[in-house]
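Working notes, beginning with the structure itself.
Throughout, read-outs are computed from the coordinates displayed, never taken from laboratory work. Quantities reported herein were computed from a predicted structural model and do not represent experimental measurements. Reconstructed Cβ throughout: ideal geometry from the backbone, glycine too, with neighbour counts over all protein chains shown.
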Amino acid sequence: MSMSLDGFIADPDDFLGGDDGERLHKWADADGESGRPAGPVKQFQDEWNEAGAVLAGRRTAELMDHWGGDHNGLPIFVPSHRPPGPAARWGYPMVTYVTDGIESAMAQAKAAAGGRDVQVRGAYTAQRALEAGVLDEAQIHLIPVLLGRGRRMFDILPLEIELEIVRVLDTPEATHIRYRVRR
């Protein structure tokens, strides 16, 4: 997740920070000269492309129109207490709504991923996965901006959660920190 230094992942209207709505993701823009990603951005894109499934919160999935039915070819699992809307129900066969909890949603996503990573999208879903003990790692792309308001990444956690720093990559656009959840 891309996050401002003061902990926000989106402004109050669900934009990604700043007036143009993309401030928190500018770090991932392709190299200006070649038009292709390079350095850490290429490394992150390679990691994303190696994932096997996506676990996305309902709000995030609906805001993104379920990524058109698949997330770059990956199946999408959406934990929800309500049945899916028509597009997800009939038009997007790679989108699965899971109504029996975050643990089940993560188990299904991990099974579909076949030993590869499961990417988690959405702050609420990441918080619930941490709470349930089914999130193994978190990667935060810390952007050097203070948004001052919006939706926080870690707004409500039921308890203290210890993290171990696995990797830190510092670039002019962001500091990329990968954490392992200590159990």
In segment 91-157, if every C-alpha pair distance is counted and binned at 5 Å from zero, what percent goes to each bin?
3, 13, 22, 23, 17, 10, 8, 4, 0
With Cα atoms, 0 to 90° folded angle of helix 39-49 axis to the chain main axis:
0 degrees
Below 8 Å between Cα atoms, with a sequence gap of 6+, how large is the relative contact order for the chain in percent?
27 percent
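Helix-only estimate, please: 222 nm mean residue ellipticity of the chain, summing -39500 (n - 2.57) across DSSP H runs of length 4 or more and dividing by its residues, to the nearest 500.
Values: 4 runs with 39 residues, N = 183.
After summing the helix terms and dividing by residue count, I get -6000 deg cm²/dmol.
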Please give the charge dipole size of the chain, origin at the Cα centre, charges +1 on K and R Cβ atoms and -1 on D and E Cβ atoms. Round to the nearest 20 debye.
500 debye
Restricting to bridges with both residues inside the chain, how much of the DSSP beta-bridge set is antiparallel, in percent to the nearest 5?
55 percent
Need one number: nm distance between label points at Ala132 and Arg82, each 7 Å from Cα along Cα→Cβ, rounded to one decimal.
1.9 nm
For Met64, put the label point 7 Å out on the Cα→Cβ axis and report which residues of segment 76-90 keep their amide N under 12 Å from it.
76-78
Among 103-109, 90-96, what's the highest-first ranking by average C-beta atoms within 10 angstrom per residue?
103-109, 90-96
Can you list, bin by bin at 5 Å, the percent of alpha carbon pairs in segment 35-143, starting at 0?
2, 12, 23, 24, 20, 11, 5, 2, 0
Using amide H atoms built 1.01 Å from N in the peptide plane, name the residues 5+ places from Asp117, or on other chains, whose amide H lies under 5 Å from its own.
Gly52
Can you bin the chain into rounded, prolate or oblate? Criterion: square roots of the alpha carbon gyration tensor eigenvalues sorted a ≥ b ≥ c, rounded for a/c under 1.5, prolate for a/b above b/c, oblate for the rest.
rounded
Amide H of Phe77: which non-local residues (sequence gap of 5 or more, or other chain) have their own amide H closer than 5 Å, using H built in the peptide plane?
Val54, Leu55, Ala56, Thr96
